[in-house]
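The values are calculated or read from the model by the stated rules, or taken from the named source; none is laboratory data. Predicted model only: the values in this text are computed from it and were never measured. Here the Cβ positions follow ideal geometry from the backbone for every residue, glycine too, while neighbour counts run over all protein chains shown. The protein model used for the area step is the full one, side chains on, heavy atoms only, and it has no ligands, DNA or RNA in it. Shrake-Rupley method; radii C 1.70, N 1.55, O 1.52, S 1.80 Å.
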Amino acid sequence: MKKALFVAFMALTMTVSTDAIAQKFSGLDKSPMDMASYPTDYKISEKTVRIIYSRPQLKGRSLSELAPAGKVWRTGANEAAEITFYTDVVFGGKQIKAGSYSIFTIPGESEWTVILNKNLNQWGSYSYDESADVARVKVPSSKDSNSLEEFSIAFKEAGAGFEMVMGWDKTRVAVPIAGAKM
């Protein structure tokens with residue numbers, strides 16, 4: 001009898017305990033967060049750069065509607081993308097000190113302006129402050145035959161350095177990056 005009473009007490013305690021600490025979790029974000037780094041091999045722990053960004057989807061909309069030409073764009077969705085350089089680098093020809101920056105872009109028909117900004121934790125580009133820019137680089141945009149539904153960022157080997165490649169729909173933009181010579 002004591003054993004049955006003890007088991008019933010424990011079952012009741014566990015039920016009450018779980019209800020008392022129950023947590024409601026939100027569903028999957030419509031523009032999930034992603035991360036890319038260089039070197040891309042996960043076995044290499046000493047990275048040069050890492051970018052955290054959200055991945056909006058076209059869903060029948062046009063790229064020009066979501067990232068209008070000539071206007072500052074957060075480079076993704078939700079919070080402005082955040083890029084961290086673990087060493088000094090040359091980013092699109094500009095010398096950049098190791099550190100974390102928000103990254104914005106200004107899309108264009110044949111070239112995009114890529115902006116590194118020292119203000120972090122910004123939602124969208126609503127509070128973008130040009131006076132906090134660390135660097136602005138202009139890079140050509142190109143068209144690819146394959147369309148990407150989700151905005152994507154990847155790093156790839158290129159010449160003596162590597163490139164940060166952004167792609168969405170059929171547009172591709174690549175920023176050259178190399179070790180700094182400061």
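Before moving on, here are some points about what is shown:
- R0 of 25 Å, Cβ-Cβ distance K71-S100: FRET efficiency to nearest 0.05: 0.55
- Using θ = phi - 60° and Karplus 6.51 cos²θ - 1.76 cosθ + 1.60, couplings along the stretch 151-157 (whole Hz; Gly, Pro as x): 4, 9, 10, 8, 10, 9, 4
- Taking the alpha carbon gyration tensor of the stretch 19-76, multiplying each eigenvalue by 5 and rooting it gives semi-axes of 27, 25, 10 Å, largest first.
- Across K30/K156; K43/K97; K94/K138; K94/K118; K59/K170, pairs whose alpha-carbon gap is larger than 20 Å: K30/K156; K43/K97
- Inter-part distance, the stretch 125-181 to the stretch 66-109, computed on C-alpha centroids, equals 8 Å.
- Where only DSSP H runs of four or more residues are counted, the chain gives -4000 deg cm²/dmol as its mean residue ellipticity at 222 nm, each run worth -39500 (n - 2.57).
- Based on C-alpha pairs under 8 angstrom that are at least 6 apart in sequence, the chain has a relative contact order of 18 percent.
- Accessible area per residue for the chain is 61 Å², calculated with a 1.4 Å probe on protein heavy atoms, without ligands, DNA or RNA.
- Paired Rg and Dmax values of the chain, which use every Cα atom, in angstrom: 22.4, 82
- Packing around the peptides 91-103, 124-136, taken as the average count of other Cβ atoms within 10 Å per residue, puts them in this order, highest first: 91-103, 124-136.
- Within a Gaussian network of the chain (alpha carbon springs, distance under 10 Å), most fluctuating of G76, G167, G60: G60
- Remark: the stretch 94-142 carries a charge dipole of roughly 240 debye about the Cα centre, counting +1 on each Lys and Arg Cβ and -1 on each Asp and Glu Cβ.
- Interchain or long-range residues, amide H under 5 Å from A135's placed H: L116
- 0 to 90° range, to nearest 10: angle between helix 2-20 axis and the chain longest Cα axis: 30
- Close amide H contacts of E79 (hydrogens built in the peptide plane, cut-off under 5 Å, sequence separation of 5 or more or a different chain): G124.
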